[in-house]
Amino acid sequence: MRYQRKTIQLLLFLLFLWTFQRMYHFSTKKVQRIYQCWSVNTQTEELKLSDWFFPNAINRSNVTTSWAAPVVWHGTYDEVVLENYYASHKITVGLTVFAVGRYVDRYLHTFINSADKYFMVGQKVIIYVLIDDFSKVPWVDLAPLRMLKIFEIKQEKRWQDISMMRMKTISEHVADHIQYEVDFLFCMDVDQIFVQKYGLETLGESVGQLHAHWYKTSPTELPYERSQLSEAYIPIGKGDFYYHAAVFGGTPVQVLNIARECFRGIMNDKKNNIEAVWHDESHLNKYFFLHKPTKILSPEYCWDQSGPNSIKNGTFKLYWAFKNYDFLRQSV
Ligand code: UDP
Ligand code: MN
């Protein structure tokens, strides 16, 4: 009798264990499935322009282009929405910068140091430094998630060629490795300083920068290349904006297109013994005239404090450093 009770107890206990296990199994699977559905939903949901961009939030006209691209001004974007989105869509952003001859000592440290503080805060960043003298790379204590990659390049004799040949070097590096390392890429002049957060609102497929001197000028007056002999030729009356070559960007594939096409134009001009009025910048303007950028940055993203125009204090994110051309453009 005692033996039978023990057996029944044991059987009941086993039944309990089996039921518990089944229930537990069922519930963890269910929880897992609910979690998966939720995460797939949040992972695949596209960020729409209207989620973060508010052109009517500021008192300005033309905050959207005729081809419906946003012109990002301070006050038009919601950085919290963007930060939440990219928290579950991890990205790496690249930044190329060239420093050759006297520009190395004069600007490179300040550029990298300020980019470290303000460029894409909280995101993974790779700064690609292209320099003519490896031994002159400044020491900068970088914040977490930031990395420098240094490449040595040869110095061209003329400053115009230093500036123009960047298009060739950029296209080679994007094709070789950058395209596998970053999701978005910016290419910038070294003679500038970040002073405020330069963030996720600037990312896009192809990004053009409004030139601080020319954003109020009508297209007929813009300093485009006007000779039909040049690849950079834009007829009078045509053109949308005057873009500054000190900042451009996009996805690696788009940057590759931009750099390759500009370099092709530059080399064709050389063959035909012509040089566009503003060198690589003229070719960049031709490119963006033919292939409209998907995002445009206001002059606050590359501001000239001593230029002809003025904007509200404290709205600019990057500004031109002082230039003493006579000194800087002498070969060392
Ligand atoms: N640059 C350089 N050394 C030179 C000339 C140009 O490193 O001797 C690079 C540097 O990154 C610079 C960019 O090319 O910012 C474009 O030249 P620059 O800034 O002089 O052109 P600007 O802004 O005056 O049009
Ligand atoms: Mn410059």
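General remarks:
- Taken over the range 177-196, the criterion of being outside any strand (DSSP E or B) and either closer than 17 Å to ALA99 by Cα or within 12 Å of ligand 1 (Cβ to nearest atom) (or both) is satisfied by ASP189, VAL190, ASP191.
- Contact map, the range 251-276: residues that are free of Cβ contacts under 8 Å to residues at least 60 places away in the same chain paired with residues that are among the β-branched types (Val, Ile, Thr), Cβ distance under 8 Å, separation 6+ or inter-chain. Pairs shown: ALA276/ILE266.
- Residues within the range 257-282 that are closer than 21 Å to LEU297 by Cα, open to solvent by 20 Å² or more (accessible area, probe 1.4 Å) and within 19 Å of the chain's Cα centre (by Cα), tallied: 2
- Test: residue in the range 199-206 that is closer than 24 Å to MET120 by Cβ, within 16 Å of ligand 1 (Cβ to nearest atom) and open to solvent by 30 Å² or more (accessible area, probe 1.4 Å): no
- Boolean, ALA246 is within 25 Å of THR169 (Cβ to Cβ), modelled with pLDDT of 95 or more and under 18 Å from the mean Cα position of the chain (by Cα): yes
- Residues that are in contact with a His (Cβ under 8 Å, 6 or more places away or on another chain), open to solvent by less than 10 Å² (accessible area, probe 1.4 Å) and assigned to a loop (DSSP other than H, G, I, E, B), drawn from the range 231-244: ALA232, TYR242
- Within the range 216-230, tally of residues that are open to solvent by less than 60 Å² (accessible area, probe 1.4 Å), in a loop (DSSP other than H, G, I, E, B) and of a type outside the set (A, V, I, L, M, F, W, C): 6
- For the range 285-322, the set of residues classified as out of contact with any helix residue (DSSP H, G or I) (no Cβ under 9 Å at 6 or more places or on another chain), within 16 Å of ligand 2 (Cβ to nearest atom) and part of a loop (DSSP other than H, G, I, E, B) consists of CYS302, ASP304, GLN305, SER306, PHE322, listed by residue number.
- Hey, GLY101 part of a loop (DSSP other than H, G, I, E, B) and surrounded by 18 or more Cβ atoms within 10 Å (Cβ to Cβ) or not: yes
- Taken together, the residues in the range 146-194 that are open to solvent by 50 Å² or more (accessible area, probe 1.4 Å) and within 16 Å of ligand 2 (Cβ to nearest atom) amount to 2.
The values are calculated or read from the model by the stated rules, or taken from the named source; none is laboratory data. Being a predicted model, the structure only gives us computed values, none of them experimental. Methodologically, a virtual Cβ is constructed for each residue, glycine included, from the backbone with ideal geometry; neighbour enumeration extends over all protein chains shown. In case anyone asks, the SASA skips ligands and DNA or RNA and just uses the protein heavy atoms, side chains included. Shrake-Rupley method; radii C 1.70, N 1.55, O 1.52, S 1.80 Å.
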